Amino acid sequence: MPFCARRCDYCAFYVYEKAASGLRREYLTRLESELKVKSEYCDPLATIYIGGGTPTYFSTRELREMLTMVTENFQFEAGYEFTVESNPDCLTPAKLTALIDGGVNRISTGIQSFSQGVLDAIGRPGKIERAYEAVDAIRASGIGNFNCDLIFGVPGQTISDWENDLKEISQLAPPHISAYSLMIEENTKLAESGTVEGDDELLSEMWNLAGEYLENHCGLRRYEISNYAKTGFECRHNQRIWMGNRFIGAGPSACYFDGVSRWTNPTTLASWLKNTPAVEDAVSSEQRAVEILITGLRTVDGWERFDFERVTGFDYSDIRGETICELTEAGLLVQDVNSLRLSNQGLLLADFIARELL
Ligand code: SF4
């Protein structure tokens, strides 16, 4: 959902700040009709993910209404995973109760940093104390499966600032952490102010430190470039998307994928509210397979040859064998006869590898 209290300076998502209740009402009405249509051709859901934006920006009543739309229109598989993203600033006990009543069993919360200087540098509103309070409230609610987002590579952030963030998060001991390096994207306040991304050497040092620290102090294993989890707490929703599974999406700029073609909803709230149809990405089945190859390689375990062929209908050696050999010789990919994954160095250079494979 595309609503937040205030746009962070690094945010390139499609987000409405401080939406009035009338606009939120229009959004919910349109969302309900989209979900009803999509539920008609949908199998029981293995995972559900409500992200944004900040879903917990909604009032408790609106949250309950949105969750009811999901539970009344869709069937869930046994053992489903249902995640809602939240912001510590607006994750109240009443909203947590509403989430649990609505079937949510996983929360993701955007802490980003325990340093006020870092939060200020990226224009992220909120007080650090709220991060501790939010995690306490999640635990007290009985939801044991939750994620905390952290960010590194912020201008002015030193390695010791980052180590302090890792130390603080390890004391909160979440079973899942997403730690992303700051990207300065076009049309963000940071880009407009001329801020530049951190240098590669420092970013690589911070990424390596995250891997070592979270494994040694929290028992979390890196399972994707930016994601760390205790065994059994990996985000199944993201794993399914990285590995080329079908998914549906609803809301402005949401994508959906039926296993062959992918569509994107109109990107602005105004055009989505007017029922403007989704647009199909015009790519060949081979190009789609390459995209799935790349997203799956973001995982530390990478691909089993058999799984890739089952999902895409292609053998990766047939469609990108030459590039795979070159990247393997360069030490960026590791392959044997049945599997393919990024090396440790390759994980750091995943964007370069993606460009080579495309
Ligand atoms: S809370 Fe998240 S979605 Fe909202 S403005 Fe900040 S970064 Fe963007």
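Just so you know, all these numbers are worked out from the coordinates, no wet-lab data involved. No experiment lies behind these values; they were computed from the predicted model shown. Here Cβ is always computed from backbone atoms with ideal geometry, including for glycine, and neighbour counts include all displayed protein chains.
Of note:
- About its Cα centre, the dipole of region 215-358 is roughly 700 debye, where the only charges are +1 on Lys and Arg Cβ and -1 on Asp and Glu Cβ.
- The ranking of HIS176, HIS217 from fewest to most other beta carbons within 10 Å of each one's beta carbon is HIS217, HIS176.
- In plain terms, if you count all Cα to Cα distances in region 87-145 and split them into 5 Å steps from zero, the share in each step is 4, 19, 29, 21, 12, 10, 4, 0 percent.
- Estimated at 0.36 nm per residue, the fully extended path between ASP351 and HIS217 surpasses their Cα-Cα distance by 45.4 nm.
- Shape box of region 137-196 [Cα atoms, principal axes, largest first, Å]: 43, 27, 15
- Taken about its Cα centre, region 285-358 carries a charge dipole of roughly 220 debye when the Cβ of each Lys and Arg holds +1 and the Cβ of each Asp and Glu holds -1.
- Using the Cβ-Cβ distance between ASP258 and SER193 with R0 set to 45 Å, the FRET efficiency from 1/(1 + (r/R0)^6) comes to roughly 0.65.
- Counted residue by residue at 0.36 nm each, then reduced by the alpha carbon distance between them, the extension gain from THR97 to LYS230 reaches 45.4 nm.
- Ranking LEU166, ILE143, LEU332 by Cα position along the charge dipole of the chain, where only Lys, Arg, Asp and Glu carry charges on their C-beta atoms, puts ILE143 farthest toward the positive end.
- For the chain, alpha-carbon Rg and Dmax in angstrom: 20.5, 58
- Cβ distances below 4.7 Å define possible disulfide partners, and in the chain the cysteines left without one are CYS4, CYS42, CYS90, CYS148, CYS218, CYS235, CYS255, CYS325.
- Percentage relative contact order, the chain, counting C-alpha pairs under 8 Å, at least six apart: 12
- Note on the chain: Lys pairs 8 or more places apart or on different chains, Cα atoms under 25 Å apart, count 11.
- Computed on the Cα trace of region 259-348, the radius of gyration divided by the Kirkwood hydrodynamic radius gives Rg/Rh = 1.13.
- Added length on full extension, which subtracts the Cα-Cα distance from 0.36 nm per residue, GLU17 to ASP281: 92.1 nm
- For region 1-145, taking Cα atoms only, Rg and Dmax work out to 15.6, 49 Å respectively.
- Between ARG61 and GLU205, the distance separating the two model label sites (each 7 Å from Cα on the Cα→Cβ line) works out to 5.3 nm.
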